1. So how far apart, in nm, are the two label points at Val89 and Val44 if each is 7 Å from Cα heading toward Cβ?
2. Of the listed values (1) 105, 37, 13; (2) 73, 37, 25; (3) 36, 26, 17, identify the label whose number matches Cα extents along the principal axes in Å calculated from this model.
3. With only Lys, Arg, Asp and Glu charged, each at its Cβ (+1 for the first two, -1 for the last two), find how big the charge dipole of the stretch 2-94 is about the Cα centre; round to the nearest 20 debye.
4. Enumerate the lysines that Lys73 could reach by cross-link, defined here as Cα to Cα under 19 Å, with residues fewer than 8 away along the same chain left out.
5. Gln79 to Val3: FRET efficiency via 1/(1 + (r/R0)^6), r the Cβ-Cβ distance, R0 22 Å, to the nearest 0.05?
Amino acid sequence: MLVHLVCFKYKANVDADARREHRSRLKALSGLEGIIQLTVGEDVVRSARSYDTGLLITFVNRGALDAYQKDPKHVPVQQLGIALSEHVVAVDFFA
């Protein structure tokens, strides 16, 4: 299994509705092929080092992650996340 973890730090001018919409669109990706589990959540700690939204996906293998990255359902959501964020970090690892 491959774990894909992404954290989004939204720009200061991104309102609550836009944040909810982004999280909703991320959650809608859960049915894509090769995904075992997909979880999206809003940060509750809100510390200085916190990011605003976390995305955790478990894929069956590396090939599934590679296919996801190019999937036409994923690409617009990825572009939205980049547009809304001042910073995005990711890590991918085998579990």
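1. It works out to 2.1 nm between the two label points.
2. (3)
3. 60
4. Lys27
5. Between Gln79 and Val3 the formula returns 0.45.
Values quoted throughout were computed directly from the atomic coordinates according to the rules given, and no laboratory measurement underlies them. As the structure is a prediction and not an experimental result, all values here were calculated from the model. FYI the Cβ positions are ideal-geometry reconstructions off the backbone, even for glycines, and counts take in every protein chain you see.
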